[in-house]
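The values are calculated or read from the model by the stated rules, or taken from the named source; none is laboratory data. Treat the numbers as computed from the prediction; the structure is a model and nothing was measured. So basically every Cβ, Gly included, is an ideal-geometry build from the backbone, and we count neighbours across all protein chains shown. When the accessible area is computed, the model is the full protein with side chains, heavy atoms only, and any ligands, DNA or RNA have been set aside. Shrake-Rupley method; radii C 1.70, N 1.55, O 1.52, S 1.80 Å.
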Amino acid sequence: MSSFKHLSVNELIHMRADHGDQVQIADIRDAQSYGSSHIEGSVNLSNENLARFIAESDMDKPLVVVCYHGISSQNAAAYLAEQGFDQVFSLDGGYSAWHLAHV
């Protein structure tokens, strides 16, 4: 059974430093929040583009799922792991924690 792991903001920073664009980031917040501010290089993932995202993504690359506070991303990460992604992470604290670390 596939599962996801938790990832702290600092771990994400190091992962991106070590692996650069090999790290996929899926932001599941609403389009308006994503449009206001998001992690550079992330993709806004919604029900409308989910199937295309799964079909077009590299399932061997790490995938980090981001929501507002790190709660909803856990369910989304579990779902994406079930779809075949090898390395799926939920960002602890969500975008709020990322934003606080970068203010």
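See the values below:
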{"item": "³J(HN,Hα), Karplus 6.51/-1.76/1.60, whole Hz, each residue of the range 12-17, x for Gly, Pro", "result": "5, 4, 5, 4, 5, 5"}
{"item": "Lys, Arg +1 and Asp, Glu -1 on Cβ, resulting dipole of the chain about Cα centre, debye, nearest 20", "result": "180 debye"}
{"item": "Tensor-based shape of the range 1-78 (alpha-carbon gyration tensor, a/c under 1.5 rounded, otherwise prolate or oblate)", "result": "rounded"}
{"item": "Amide H contacts under 5 Å for Val64, placed H, 5+ residues apart", "result": "Gln24, Ile25, Ala26, Phe89"}
{"item": "Solvent-accessible area, 1.4 Å probe, carbon plus sulfur percent, for the chain", "result": "49 percent"}
{"item": "Sum of -39500 (n - 2.57) over DSSP H runs of 4+, divided by residues of the chain (222 nm, nearest 500)", "result": "-11500 deg cm²/dmol"}
{"item": "Accessible surface of Arg52 - all protein chains present, 1.4 Å probe, nearest 10 Å²", "result": "140 Å²"}
{"item": "Accessible area (Å², per residue) of the chain, counting only protein heavy atoms and a probe of 1.4 Å", "result": "57 Å²"}
